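**Student:** Quick one: this structure, given as structure tokens, is what I'll be asking you about.
Read-outs: derived from the displayed coordinates by stated rules, not from any lab. Everything numeric in this text was worked out from a predicted model, so none of it was measured. Using ideal geometry, Cβ is built from the backbone for each residue, glycine included, and neighbour counts are taken over all protein chains shown.
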Amino acid sequence: MAQHVLVPPLKEEDVRKLQLEDTVRIDGTIFGIRDATQIRIFDDKIEPPADLTGAICLHTAPGVKKLPDGRYQKISIGTTTSTRMDRFVPGLLERYQVRAIVGKAGLTETSVEAMRRWGGVYLAIVGGAAALETMQIEEIEEVWWDDLMPECLWKFRVKDFGPLVVAIDAHGHSLYRNVQERAAERTKRFSFT
């Protein structure tokens, strides 16, 4: 297992170098997205107001405070469960060339295949790490579609964001699949039928 520092925007070859269980930290820009953001992009067919080419997207709906000058102050920026946004992953990778998604709880085999095909990775963060994540986000640089608050499109500047684990790599490997297979094997061994 190797350790990497990623600085977006990423190229396909950047993520193809990553292997399952490698650890990653991020410096630079990441985009916060959630259900409503992606529904607007994919279901409502509205192009995102930011270029996501080579982006790292974080599944989040942050707690913030709007300041008098219109900027947003971070209060708590944690990661949300990715599974329910699984249907958007192939489009993010193929159409917008997003290269990495940060989330928790994993994605389905459809997304594993999309990452293998188009060159993307899923980076898992420990659930309950919102306090650490919030500290590692240096600034909220931009917010688009604030009518969707808190599920807007966010642009964060981060420093030493992580540690994250490569839980799905760009070669079709998945920690979630591995755990399910091991659990099924153990269940067979301890069956009481």
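**Student:** Helix-derived [θ] at 222 nm for the chain: sum -39500 (n - 2.57) over DSSP H runs of at least 4, divide by residue count, nearest 500?
**Tutor:** Calculated from helices alone, the mean residue ellipticity at 222 nm is -6500 deg cm²/dmol.
**Student:** Of the peptides 20-26, 138-144, 56-62, 46-52, how do they stack up when ordered by the mean number of other Cβ atoms within 10 Å, highest first?
**Tutor:** Result, highest mean Cβ count within 10 Å first: 56-62, 20-26, 138-144, 46-52.
**Student:** What ranking of Leu175, Leu67 emerges when the number of other C-beta atoms within 10 Å of each C-beta is taken as an exposure proxy, fewest first?
**Tutor:** The fewest-first ordering by Cβ neighbours comes to Leu67, Leu175.
**Student:** List the relative contact order of segment 3-189 as a percent without decimals, with contacts defined as Cα pairs under 8 Å and 6+ residues apart.
**Tutor:** 29
**Student:** Over 27 Å, how big is the tail of the calculated P(r) for the chain, in percent of all Cα pairs?
**Tutor:** 26
**Student:** Report, in whole Å, the centroid distance computed from the Cα atoms of segment 91-125 and segment 1-76.
**Tutor:** For segment 91-125 versus segment 1-76, the Cα centre distance is 12 Å.
**Student:** Okay, moving on. How big is segment 112-193 along each principal axis, measuring the range of its Cα positions in Å and listing the largest first?
**Tutor:** 56, 31, 28
**Student:** So, one more: Lysine pairs, Cα distance under 24 Å, 8 or more residues apart or cross-chain: how many in segment 3-189?
**Tutor:** Going through segment 3-189 pair by pair, I get 17.
**Student:** Let me ask something else about it. Using the Cα centre of the chain as the reference point, and only Cβ charges (+1 on K/R, -1 on D/E), how large is the resulting charge dipole? Debye, rounded to the nearest 20.
**Tutor:** 580
**Student:** Further question: In sequence order, what are the phi-derived ³J(HN,Hα) couplings for segment 55-66 according to the Karplus relation 6.51 cos²θ - 1.76 cosθ + 1.60 with θ = phi - 60°, rounded to whole Hz, with x for glycine and proline?
**Tutor:** The phi angles translate into 6, 10, 10, 10, 6, 7, 9, x, x, 9, 10, 7 Hz.
**Student:** For segment 119-193, give the magnitude of the charge dipole about the Cα centre (Cβ charges: +1 Lys/Arg, -1 Asp/Glu; no others), in debye to the nearest 20.
**Tutor:** Once rounded to the nearest 20, the dipole reads 820 debye.
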